[in-house]
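Working notes, beginning with the structure itself.
The values are calculated or read from the model by the stated rules, or taken from the named source; none is laboratory data. Computed from a predicted model, the values in this text were never measured in an experiment. Neighbour counts run over all protein chains shown; Cβ positions are idealised from the backbone, glycine included. Side chains are part of the model used for accessible areas, which takes the heavy atoms of the whole protein and leaves out ligands, DNA and RNA. Shrake-Rupley method; radii C 1.70, N 1.55, O 1.52, S 1.80 Å.
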Amino acid sequence: MQVVRTIPLMREARARLTGTVGFVPTMGYLHEGHLSLVRRAKQECHHLVVSIFVNPAQFGPGEDYQRYPRDEARDLCLLEPLGVDIVFIPTPEEMYPEGFCTWIDVTGPLAQRLEGAFRPGHFRGVATVVAKLFNIVQPHRTYFGEKDAQQLRIVRQLVADLNIPVEIVPCPTIREPDGLAMSSRNTYLSPSERERAVALYRALLSAQEMIKAGLRDASQIRRQMEDLLRQYGAKVDYVSIAHPDTLEEVERIEGPVLALVAAWVGPARLIDNLLIKP
Ligand code: AMP
């Protein structure tokens, strides 16, 4: 496994790979969610590139860029046995040198709602870094978690609109035994907050139960989800019952919907989602 920190060296190492190349972009502090993407990529591609880059451009002012958890040595130990060929770990200066001034903005309702509304500029940072990484790594396939449902759709849009020759492979959300979606940000939680963090998944399951029981009024479901989150002491940013493709809010449930939630548990802003079929 080769660790590469500059763009020219990454290009050189990439040029030596023959056959299909799978790529898993991450911000590091790896957990089973990330590793499930890497294992899937390993099954489907001849070679594997993983990037670790806490992208400053996708954090807003006052967000957790500085305190985002980082442990490169541990990450490399986790990746080594999985048959990764190259780990790309650029510095912020390598990715955004002085004079950097080109940004990719996914416009339209998809990027403005939900995370886009609560984290202005977030998806601009995501789209820009993902496009840069695709240009540097030039993968055949790239693996993204359904955990970040809106990000996945935005990356699809970016790849379609800019004709980037890469296949996007969505991968299911990996959860802790109690249902909490794995996330590097779960490390912010104290033991009692960690217990209450299951609220997000519970709210999603309650939406599923209501829909399976025949409830079709989405606003009623959203209200119940909010109530449940508050009972756990979570501070709700949004709950959404949305169309799975456009992520536009649904009023009457007539087909599959994506339930999404973002909420604060103590110092941690957590997100989760669940695809629900009536
Ligand atoms: P991050 O390091 O948080 O930027 O995540 C890197 C990739 O891992 C993204 O495609 C995420 O959607 C994915 N990911 C993060 N958490 C999970 C999870 N619990 N299950 C599946 N994929 C995940």
Summing -39500 (n - 2.57) over every DSSP H run of at least 4 residues in the chain and dividing by its residue count gives a helix-only mean residue ellipticity at 222 nm, to the nearest 500 deg cm²/dmol, of -11000 deg cm²/dmol
Once His34, His243, His46 are ranked on solvent-accessible area with the largest value leading and a 1.4 Å probe, the list reads His46, His243, His34
Share of accessible surface on carbon and sulfur in the chain, whole %, 1.4 Å probe and ligands ignored, is 51 percent
The chain accessible area per residue, 1.4 Å probe, protein heavy atoms, integer Å², reads 46 Å²
At the level of C-alpha centres, the distance separating segment 53-76 and segment 129-151, in angstrom, is 17 Å
So, with points 7 Å from each Cα along the Cβ direction, the His243-Thr107 label distance in nm works out to 2.0 nm
PRE zone check, label point 7 Å out along Cα-to-Cβ of Val3, amide N under 17 Å, scope segment 55-80, hits 70-80
Computed over all unlike Cα pairs, the Kirkwood hydrodynamic radius of segment 57-195 in Å stands at 17.1 Å
Summed over the other residues with a beta carbon less than 13 angstrom from that of Leu9, with K and R at +1 and D and E at -1, the charge totals +2
Per residue convex hull volume, Cα only, segment 184-273, in Å³ is 85 Å³
Long-range alpha-carbon pairs in the chain, meaning those over 29 Å apart, account in percent for 34 percent
Probe 1.4 Å, all chains present, heavy atoms only: Met1 accessible area in Å², nearest 10, is 80 Å²
Taking 97-108, 164-175, 180-191 and ranking on average Cβ neighbours within 10 Å, highest first, one gets 180-191, 164-175, 97-108
About its Cα centre, segment 184-273 carries a charge dipole, from +1 on Lys and Arg Cβ atoms and -1 on Asp and Glu Cβ atoms, whose size in debye to the nearest 20 is 360 debye
Length gained, Glu94-Arg16, 0.36 nm per residue minus C-alpha separation, equals 25.9 nm
Under a 1.4 Å probe, counting only protein heavy atoms, Asp161 has an accessible area in Å², nearest 10, of 100 Å²
For the chain, percent of DSSP beta bridges that are antiparallel (nearest 5) comes out at 50 percent
